[in-house]
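The values are calculated or read from the model by the stated rules, or taken from the named source; none is laboratory data. Everything numeric in this text was worked out from a predicted model, so none of it was measured. Every residue, glycine among them, receives a Cβ derived from its backbone with ideal geometry; neighbour counts consider all protein chains shown. When the accessible area is computed, the model is the full protein with side chains, heavy atoms only, and any ligands, DNA or RNA have been set aside. Shrake-Rupley method; radii C 1.70, N 1.55, O 1.52, S 1.80 Å.
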Amino acid sequence: LEAGQGSTEAQKQARRRSQELGILAGVVPAAGPGIQMTVPAAGELGAGTLLQAVQELRDAGAEAMEVNGHRVVAGSWFVDDTEGRVVMDGEVLRPPYRFRAIGPAETLATAMRIPGGVVESAAQEGSRVSVLVRDEVRVEATVPLEERAGR
């Protein structure tokens, strides 16, 4: 396409599609409307709560997200280690857990507040989750392309 064998419109569409796929794969930063959420540590909050948040955000239409500066991608995983710390993709996360998610902001915020959802689960453990709707959220964390190939 770049060699002139395709139309200008086809080149624009190919660049746009490449950017979209890069965002989904986590290899490029992203920006757009979304939410910032802070989950303080309390009680039994751990990997299960963070995984629940990621799943609810995905279900609500999150296109890109990060937790404490670590990009969440399709293959991301959470586990509580033997010392009670949360581990995401092999990296220890320290509370408070800060989420940035890009997508339909009001829908994302509502998803966090559904009965039995993250906000309610955290409240039962004595933790108050902060969910802020933003016109622009930047997800800067990326996964190196070489690392994605090895997953």
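Those helices (runs of 4 or more DSSP H) of the range 98-151 in which at least 2 residues are modelled with pLDDT of 95 or more and out of contact with any His (no Cβ under 6 Å at 6 or more places or on another chain), considering only elements entirely within it, cover 105-112.
For residues that are within 13 Å of residue 47 (Cα to Cα) and among the charged types (D, E, K, R), tally how many sit in the range 67-125. Residues in the range 67-125 being within 13 Å of residue 47 (Cα to Cα) and among the charged types (D, E, K, R): 7 in total. When the range 60-100 is filtered for residues that are closer than 18 Å to residue 32 by Cβ and of a type in the set (Asp, Glu), the ones remaining, listed by number, are 63, 66. Of the residues that make up the range 39-55, is at least one in a strand (DSSP E or B) and either of a type in the set (Ser, Thr, Tyr) or more than 12 Å from the chain's Cα centre (by Cα) (or both)? So far as the range 39-55 goes, yes, one or more of its residues are in a strand (DSSP E or B) and either of a type in the set (Ser, Thr, Tyr) or more than 12 Å from the chain's Cα centre (by Cα) (or both). Does any residue in the range 97-111 that is in contact (Cβ under 8 Å) with a residue 24 or more places away in the chain come within less than 7 Å, Cβ to Cβ, of a residue that is part of a helix (DSSP H, G or I) and open to solvent by 10 Å² or more (accessible area, probe 1.4 Å) six or more places away or on a different chain, and which pairs are these? Hits for this filter: 111/56; 111/59. In the range 127-145 there is no residue that is farther than 16 Å from residue 34 by Cα and without any contact (Cβ under 8 Å) to a residue 40 or more places away in the chain.
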